[in-house]
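Enquirer: Below is a structure I'd like to ask you about.
The values are calculated or read from the model by the stated rules, or taken from the named source; none is laboratory data. On a predicted model such as this, the values are computed, not experimentally measured, just so you know. Neighbour counts run over all protein chains shown; Cβ positions are idealised from the backbone, glycine included.
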Ligand SMILES: Cc1ncc(C[n+]2csc(CCOP(=O)(O)OP(=O)(O)O)c2C)c(N)n1
Ligand SMILES: Cc1ncc(C[n+]2csc(CCOP(=O)(O)OP(=O)(O)O)c2C)c(N)n1
Ligand SMILES: [Mg+2]
Ligand SMILES: [Mg+2]
């Protein structure tokens, strides 16, 4: 009996839930951004905007003005921290819950609302032209990120791809295939596992017997690391390190961020059917906004008055976005035909004509 | 930074290529079967029969009497060792190369030849009614083994399932999905990775960045172990231990057997296109038959005369099997209709009539 | 006798069969505590325990593959795939194993599996939640594809599907999951598979349809009746294998055929029905066949989905066209 | 100008396009050093290096998903799936992403991908190596499905497929990979997609077919000619979208239609062709349409495979039946 291989998974956390450095952390050894007030405030302010927008989106759904919507509450540090670690020329392959990353990168509120309001045009991001659109079939996006990373590698571009995936998503074989090929080809891609402990009603313990999700990378021979996903400093730093490795040709990393889904899975879900109020309460006790705000207040970078003023600002921005959304009209019936092919077949054009005619004669519809 | 999890992969080997115990092995601590002449001889004799039959099958293909056939040479210890570890009431989910396990369990030569000769009837095993048939779509069989294991668990039967998979097969997401669900549900299933270092022309280093294939289990939170697949004692012992764990409700194990594919991938392949003669030579230097024979000879359980006599015996058995195969006639055209449904639809019966009519009027065929 | 919705009828059928056949079990994502995303398996885990109602990890191919393995051991798994747009990871197991195990082993091992999945759109769901790709599955030899159009048929056909010794893909039209209540006697009576159900008799034109489109088709038939046109409405019910006889008989009487389905037209199941009639009922046809279907586009998101699916007006127009 | 086989023409087309467009690259299992299981990519890795001819790990879904990601970045991947029976793990990526990325992003990201895979049987292959399930793919909006029937068309259509800004499933009929040599000028000239090719003109009956079945159909046409019957043979070539006009024109002249394909009949592409004619060419039909196809069974292993596929005799009989 000899040992053929050994592995371990490290866990990174800097701040405690009250926004103080953990005893074992020496702040001086942390990266520059943790001491840069502008960066710190930028991250926090985005978290606040995201939470406020998220709340608004839920309300829009409740009042019949938006379709099913997947709330992001609780994920702000995981999402904004990742965004802050990425370069503009990198690309992300999101799932459906990543508005925090998207908004930082330039996705507009009207785009988010249009998509969840039932219009594909929402995916035609004006500012982040290379980012992948929302992805509903679980785990499939991990391969798109790997493919984009392969393109970067082939073209010798110093860019990285980052794929989001949920704890539930890690059970799909696709995720593993993506990690495996990324490992073999040493692709500049990060598999960013946002472990919020639930996949709809399925708790982590029914999802996998693995103690951590970071260790899933071991199967592919790639490094994995776990981070407190409610600690935006740790999230950003861990991802910056992984991205630096990737950018320098050292290949992919699996980063697991531990967080909690504070809301229902989507507005169509009722999480109280399957999880206890006390568990949710515990989730609120460690949620990321409070922690970052406390951290900033300890540094005297933020106070209640600023908070109130900034929230006001957010509301105005959101109102603007919502109004823009309300002003978008129903797409024309031709929209479902016109983006399917560069060279549409004749038969499709015939069907398009038929649909146009019918939509002109709307009153006849049953 | 703290450590969230730690893992290691152990490697097991008892015999060196010359059939002597490795210095660090204390034979007294090995299981009973390693000291049981009857068992040892049974295993070796099956290995010899398998190699002889394999050679014959290749010849049959070369002379146009068999279809494409995937040779097993080099895998005898891995296959027969596994078979010897299993109980009769366990089930196996083979790939396409596992004749060593199958023959031990009672699959008849005529069945093997019928299948590779182009007749599904070969899968209607007379003796191993519960074993899964040959499986061509790579990795899919791992889920069948997991499903059977779930049935055993639900019904409280003390049975296990063993799924074969190749090194190439470990790249399909299905394999990982099977390990993952087996881990969560603690299923009595073994994932038996036969790492023969090639998947057609793809060497292991292009298949995965993982140092071992046993570590793939870590992704699913299940134990993995590596064994010298050319050492039948180690193979059998490692599998017996894994099966015992499974049978006692302790869940699945990944067992990786390190071996080498001595022949072409199939009779349709030409391995000299992609691997060097010297590598193949190295493979022959550590192949499993020689090692077991030397071991038996050191124990004075076997000698040249016995070898010669036994090979003679094998040839007779094989001739019998081949003759039985030659005696099977082409299946009737109805065979493709009659096993598709318990309750065949009318339209299929109409097509069946048509096919029968046409096959009666064969001379008209173009 | 209770008045139940289609989705409640599904639950009743599960409950009946699990109570009477210990080999039947349920598995899928969120089917246990949560009772399924549409509550089709509500209460079953509580009653039958988590060995018979299994919440699985998130992997459709895994669910299908486990079913194959369990069925080979004689269990009768009923699996839920949350939406038809998520069934593709299970294709390999369905095509290459579930439907082939009997044939491959000459009957030694069999696969009595039911895969249930929602079918079609019309309820403002997100992307990929409105698919109706039955035609892909109908092309698979060895598979039955069934789609009920009322609570009673949901109950009777699901029982039949579970009792069938071979795999069945059972499609549940989401748009009518809760559309109407109907008296359903919970007596374990199955309805026959492999036959059409004539929902309304008529003499001028045959409308063949299934699932949620039966509702639109019946409405169209009423509208047509007001216009003096008598349309026969046939619910295909078992989409594969097709009960060609009932359709051919009807067309022989009416001389006209309109096929209505939600799926895209190209190589949809409507094509097969048209082909059968063009082969075996050509001389009965007094007018070209018409297909009223989803367009050959991707099902649009909510804001355009009603422009995509067949409407009463399109069906009425098509029937009138066959008569002009 | 060299005389080449169909599979050699495939290699030539790859070589031409890779030489002229740096964005084109090849990936798949064993496509590099081994040159592919049928040698279709032979010599390409040697010439273009392993960044442009990539031997991937063994996972079809992964190959398809990588293609989506690369194509979104403007590369033009040409991927090989070793046999059509192994394409199912890639279905999810093909249906839910490859064919939808353009539509989903309103044209912001596109997917110029070619997936090549062998098609059909007839060469005594093992299980799952003889599939022809094109109909499943033809039902997918946004996908082109193309199948050449000669070396020249293989060369020209593959070039067209690679240059097409949208995904193409390119089916290569294994049975005629090396059936005949033909002069093919290696000049980079593509042939048009979305149109049929009339292989033989005739006046009594139209035969529509594609892939390896063109060979049987042409032989049948010759046999029929000996019997005094003039059959027109149309090679569909682009199986989706179908060039309906050419078929309808032909049927308008001949009044009779026989469709020949290797795949199972039920909801095969033959059904769509029949449906199109029953909708738009009904009054031209002088006899019922006939489909000569594989049976609705699983493709049998070698010993029965020739009883499964359409034969010259079956085609001749079907044409004669339309004339009687
Ligand atoms: C392939 C597939 N199967 C099922 C679903 C339905 N579904 C949507 S979200 C979800 C749970 C995902 O959980 P997780 O990956 O943990 O992400 P989270 O929602 O927690 O962010 C499921 C099952 C889907 N979208 N895709
Ligand atoms: C899904 C699938 N893809 C591709 C193939 C073609 N194929 C047959 S065997 C093989 C290589 C398998 O290698 P490995 O798993 O290492 O097993 P080995 O042949 O070495 O025993 C491939 C690619 C297949 N059978 N199934
Ligand atoms: Mg989750
Ligand atoms: Mg191998």
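Enquirer: Looking at (1) farther than 29 Å from residue B:148 by Cα; (2) surrounded by 23 or more Cβ atoms within 10 Å (Cβ to Cβ), which is the one condition that is false for residue B:208?
Expert: (1)
Enquirer: What is the number of the single condition among (1) within 9 Å of ligand 2 (Cβ to nearest atom); (2) surrounded by fewer than 24 Cβ atoms within 10 Å (Cβ to Cβ); (3) within 12 Å of chain A (Cβ to nearest Cβ) that residue B:197 does not meet?
Expert: Unmet condition: (3).
Enquirer: Sticking with this structure for a sec: Could you tell me whether the stretch A:147-158 includes any residue that is within 16 Å of ligand 1 (Cβ to nearest atom) and in contact (Cβ under 8 Å) with a residue 24 or more places away in the chain?
Expert: Within the stretch A:147-158 (the criterion being within 16 Å of ligand 1 (Cβ to nearest atom) and in contact (Cβ under 8 Å) with a residue 24 or more places away in the chain), the answer is no, since none of the residues qualifies.
Enquirer: Tell me yes or no: at least one residue of the stretch A:228-248 is surrounded by fewer than 24 Cβ atoms within 10 Å (Cβ to Cβ) and more than 22 Å from residue A:101 (Cβ to Cβ).
Expert: Yes, the conditions are met somewhere in the stretch A:228-248.
Enquirer: In this structure, does residue D:157 turn out to be part of a strand (DSSP E or B), modelled with pLDDT of 95 or more and assigned by TED's automatic domain parsing to the domain that holds residue D:38?
Expert: Criteria not met by residue D:157.
Enquirer: In the stretch B:166-180, which residue that is more than 7 Å from every other protein chain (Cβ to nearest Cβ) and under 16 Å from residue D:60 (Cβ atoms) is farthest from ligand 2 (Cβ to nearest atom)?
Expert: B:175
Enquirer: Here's something else I'd like to know. If you check every pair at least six apart or on different chains, which have Cβ atoms under 9 Å apart with a residue in the stretch B:257-274 that is in contact (Cβ under 8 Å) with a residue 24 or more places away in the chain and within 10 Å of chain D (Cβ to nearest Cβ) first and a residue that is within 12 Å of ligand 2 (Cβ to nearest atom) and outside any loop (DSSP other than H, G, I, E, B) second?
Expert: B:265/B:198; B:265/B:199; B:265/B:271; B:271/B:198; B:274/B:198; B:274/B:202; B:274/B:203
Enquirer: Quick check, is residue C:59 in contact with a helix residue (DSSP H, G or I) (Cβ under 9 Å, 6 or more places away or on another chain) and more than 7 Å from every other protein chain (Cβ to nearest Cβ)?
Expert: No; evaluated as a whole, the condition is false for this residue.
Enquirer: Looking only at the stretch B:142-156, how many residues end up being within 25 Å of residue B:230 (Cα to Cα) and within 14 Å of chain A (Cβ to nearest Cβ)?
Expert: Result for the stretch B:142-156: 1.
Enquirer: When the residues of the stretch D:99-108 are filtered to those that are facing another protein chain (nearest Cβ under 7 Å) and not in a helix (DSSP H, G or I), which remaining residue is nearest to residue D:299 (Cα to Cα)?
Expert: Taking the candidates together, the pick is D:100.
Enquirer: Looking only at the stretch D:116-124, decide whether some residue is crowded, with 23+ Cβ neighbours inside 10 Å and assigned to a loop (DSSP other than H, G, I, E, B).
Expert: Among the residues of the stretch D:116-124, at least one is crowded, with 23+ Cβ neighbours inside 10 Å and assigned to a loop (DSSP other than H, G, I, E, B), which makes the answer yes.
Enquirer: Does residue B:223 satisfy being within 12 Å of chain A (Cβ to nearest Cβ), surrounded by fewer than 24 Cβ atoms within 10 Å (Cβ to Cβ) and more than 16 Å from ligand 3 (Cβ to nearest atom)?
Expert: yes
Enquirer: If you don't mind, there's one more thing I want to ask. When residue B:139 is evaluated against the numbered criteria (1) facing chain A (nearest Cβ under 9 Å); (2) in a helix (DSSP H, G or I); (3) within 12 Å of ligand 2 (Cβ to nearest atom), which criterion, by number, is the only one it fails?
Expert: (2)
Listed here are the residues, each with its yes/no results for (1) more than 20 Å from the chain's Cα centre (by Cα); (2) over 26 Å from residue D:79 (Cβ atoms).
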| position | (1), (2) |
| --- | --- |
| A:149 | no, no |
| A:152 | yes, no |
| A:165 | no, no |
| A:170 | no, no |
| A:177 | yes, no |
| A:182 | yes, no |
| A:188 | no, no |
| A:195 | no, yes |
| A:213 | no, yes |
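Enquirer: Based on what the data block shows, is residue B:119 within 17 Å of residue B:66 (Cα to Cα) and either crowded, with 22+ Cβ neighbours inside 10 Å or more than 9 Å from every other protein chain (Cβ to nearest Cβ) (or both)?
Expert: yes
Enquirer: Go through the stretch C:63-77 and count every residue that is touching a residue at least 24 places away in the same chain (Cβ under 8 Å) and within 7 Å of chain B (Cβ to nearest Cβ).
Expert: 7
Enquirer: Another question, if that's okay. Considering A:114, A:159, which residue is more than 14 Å from chain B (Cβ to nearest Cβ) and in a loop (DSSP other than H, G, I, E, B)?
Expert: Of A:114, A:159, the one residue that is more than 14 Å from chain B (Cβ to nearest Cβ) and in a loop (DSSP other than H, G, I, E, B) is A:159.
Enquirer: Name, by its number, the condition in (1) crowded, with 19+ Cβ neighbours inside 10 Å; (2) outside the structural domain of residue C:75 (by TED's automatic domain parsing); (3) part of a loop (DSSP other than H, G, I, E, B) that does not hold for residue C:189.
Expert: Only one criterion in (1) crowded, with 19+ Cβ neighbours inside 10 Å; (2) outside the structural domain of residue C:75 (by TED's automatic domain parsing); (3) part of a loop (DSSP other than H, G, I, E, B) is unmet by residue C:189, namely (1).
Enquirer: Still on this model: Just to be sure before I move on: is residue A:297 surrounded by 15 or more Cβ atoms within 10 Å (Cβ to Cβ), more than 14 Å from chain B (Cβ to nearest Cβ), more than 16 Å from ligand 1 (Cβ to nearest atom) and over 30 Å from residue B:214 (Cβ atoms) in the structure I sent?
Expert: yes
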